[in-house]
Amino acid sequence: MTDSRHQKVDHDEYLGIARRGMNAAVDDRGHHPHGGYTPSAWRHYTRRLALLDRLSSLEFSSALDVGCAEGFFMSALHDARGAEMWGIDLSDRAVAVASSRYGFPVAAAQAIALPFADGAFDLVYSTEVIEHVLDPAAMLAEMRRVSRRHVLVTTPVSQNDHEHEPDYQMQTTGHVNDFDEPSMRRLFGQDADLRTFRCNATFALVTAFGRKLPSGPRDFFYELDRRFAKRFGSPHGRFVPLRNRDWIIVTTGTGTDAGPREWRCPRCHGPLAEDEEGLRCASDHLSFPYAAPGVPDFVAAG
């Protein structure tokens, strides 16, 4: 289900632009916050509330974060549920930070080529990534392949599936896909659980001043946004202030038997051998260097 607008886009060139842009953001001020609240991170905190609320009804003991950045949601989910956490991100700088900060197993990899065996995780989730991927169907297929129970995705709500021009150069948001309800159903299927969160009206209050308050009043505004959006919001309501801003979709994994949780070749999914410089796949004759000690870089294959 590749968008026809992407057919003339060079995949490797776009990949390079995206990685350089994400690395620059990590080096500048970070994509995800560390420790306590930071004013630049209120979007992540409001999303965390919706994520943990939705996951409260799902059973899992292991999870993979596809697009983990510096590991903020991995840490939040581990603290909330005690799950074994793994993560991948396109940015080699981000996963190096995540590894040093939290100690979770992480690697630089593409969402459309996950370096794991089939059914390796109970839960595979991704927050605000699929709108940046040239082939969202391939990404979803990979997430389902390595999940034996649940797949969860969040992404911004669009009013139609061509609402914005794709931002291939990452000049603003870096979004290349728009997702309205019909396109969500085409991608995830009729049986997927589609919900929305984060309301225009209450999120405007969070953005304007709620996020700037001390922790107690600030968290009140975050919780107000979550509850109000859940009770009164809708993705395409005629009254714009009550429109919800983000999809949260849950669907099923492949249901296969549990595969081993270990790094695998992203092409053939076969086992890898380790040496001082990185990992090697004997079947595909590929080598993968380390982005940082113990952090493989599956994007920079040799």
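The values are calculated or read from the model by the stated rules, or taken from the named source; none is laboratory data. Note that this is a predicted model, so its numbers are computed, not measured. In this analysis, Cβ positions are derived from the backbone assuming ideal geometry, glycine residues included, and neighbour counts consider all displayed protein chains.
The residue pairs whose first member lies in region 58-86 and is under 13 Å from LEU123 (Cβ atoms), whose second member is among the hydroxyl-bearing types (Ser, Thr, Tyr) and in a loop (DSSP other than H, G, I, E, B), and whose beta carbons are closer than 6 Å, counting only pairs six or more residues apart or on different chains, are ALA83/SER61. GLU131 meets the conditions (1) touching a Phe, Trp or Tyr at 6+ places or on another chain (Cβ under 6 Å); (2) not in a strand (DSSP E or B); (3) not aliphatic (A, V, I, L, M) in every case but one. The failed one is (1).
Kindly indicate which of ALA76, ALA69 is in contact with a helix residue (DSSP H, G or I) (Cβ under 7 Å, 6 or more places away or on another chain), modelled with pLDDT under 95, small (Gly, Ala, Ser) and assigned to a helix (DSSP H, G or I).
Step by step, each of ALA76, ALA69 is checked, and only ALA76 is in contact with a helix residue (DSSP H, G or I) (Cβ under 7 Å, 6 or more places away or on another chain), modelled with pLDDT under 95, small (Gly, Ala, Ser) and assigned to a helix (DSSP H, G or I).
Taken together, ARG226, ARG218, ARG243 contain a single residue that is under 22 Å from the mean Cα position of the chain (by Cα) and in contact (Cβ under 8 Å) with a residue 60 or more places away in the chain, which is ARG226.
This table checks each residue for (1) of a type outside the set (A, V, I, L, M); (2) more than 19 Å from the chain's Cα centre (by Cα); (3) surrounded by 14 or more Cβ atoms within 10 Å (Cβ to Cβ); (4) assigned to a helix (DSSP H, G or I).
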position: HIS150; (1), (2), (3), (4): yes, no, yes, no
position: GLN159; (1), (2), (3), (4): yes, yes, no, no
position: GLN169; (1), (2), (3), (4): yes, yes, no, no
position: GLY174; (1), (2), (3), (4): yes, no, yes, no
position: MET184; (1), (2), (3), (4): no, no, yes, yes
position: GLN190; (1), (2), (3), (4): yes, yes, no, no
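Look at region 156-178: where a residue is without any contact (Cβ under 8 Å) to a residue 60 or more places away in the chain and closer than 16 Å to PRO136 by Cα and a partner is among the aromatic types (Phe, Trp, Tyr) and not in a strand (DSSP E or B), sitting 6+ places away or on another chain with Cβ atoms under 6 Å, you get SER158/PHE179.
Just to be sure before I move on: is THR154 part of a loop (DSSP other than H, G, I, E, B) and either at pLDDT 95 or above or more than 14 Å from the chain's Cα centre (by Cα) (or both) in the structure I sent? Spell out how you get there, then give the answer.
Working: part of a loop (DSSP other than H, G, I, E, B): no; either at pLDDT 95 or above or more than 14 Å from the chain's Cα centre (by Cα) (or both): yes.
It is false that THR154 is part of a loop (DSSP other than H, G, I, E, B) and either at pLDDT 95 or above or more than 14 Å from the chain's Cα centre (by Cα) (or both).
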